[in-house]
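A quick write-up on the structure given underneath.
Read-outs: derived from the displayed coordinates by stated rules, not from any lab. This is a predicted model, so every value here is computed, not measured. All Cβ positions, glycine included, derive from the backbone under ideal geometry; neighbour counts span all protein chains shown.
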Amino acid sequence: MIIDRHSKRLAGSSFLVTGASSGLGFGISIALAQKGAEVIAVGRDKKGLEDLSDAIKRSMGSVTLVCIDLAKEGTIEELSNKVSEKFGELRGIIHCAMSSLQMVPISQVSLKEIEINLLSPIMISFRLISCFHR
């Protein structure tokens, strides 16, 4: 049996991953767990988070699921308090959560939709960093 000398190099480290219920956040969560990290997986899609949990458990990894919408007022602050109490200091925050514009002609997209889709990820990142790294 060949053992990868780097296979558990993140053991004991906690990472918060947003957008973990699909796409890039899903994949990053699995990769971190396979390297031994404790993953705090945040997403809005409960089924997607449950699928992630199943995938991580099959690879003998560790995950904590948090089903919330980070865009709602107060959720990031509450999340940071609970995560800090349970896990202490995080090794990293990987922000992959994002809403996306529908594929429609640009003339059908409102300025409000563009504002939400472009500014929301920046504002959520700012709030995450502010709350977790006081």
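May I ask you to list the residues in the stretch 80-106 that are basic (Lys, Arg) and without any contact (Cβ under 8 Å) to a residue 40 or more places away in the chain?
Matches in the stretch 80-106: Lys82, Lys86.
Any residue at all in the stretch 43-57 that's closer than 29 Å to Arg9 by Cβ and polar (S, T, N, Q)? First the steps, then the outcome.
Going residue by residue through the stretch 43-57, those that are closer than 29 Å to Arg9 by Cβ are 43, 48-57.
Now narrow it down to the ones that are polar (S, T, N, Q): 53.
Yes: one or more hits.
Among the residues of the stretch 47-71, which ones are hydroxyl-bearing (Ser, Thr, Tyr) and in contact with a strand residue (DSSP E or B) (Cβ under 9 Å, 6 or more places away or on another chain)?
Within the stretch 47-71, Ser53, Ser62, Thr64 qualify.
Is it the case that Val42 is out of contact with any Asp or Glu (no Cβ under 9 Å at 6 or more places or on another chain), crowded, with 16+ Cβ neighbours inside 10 Å and under 17 Å from Ile129 (Cα atoms)?
yes
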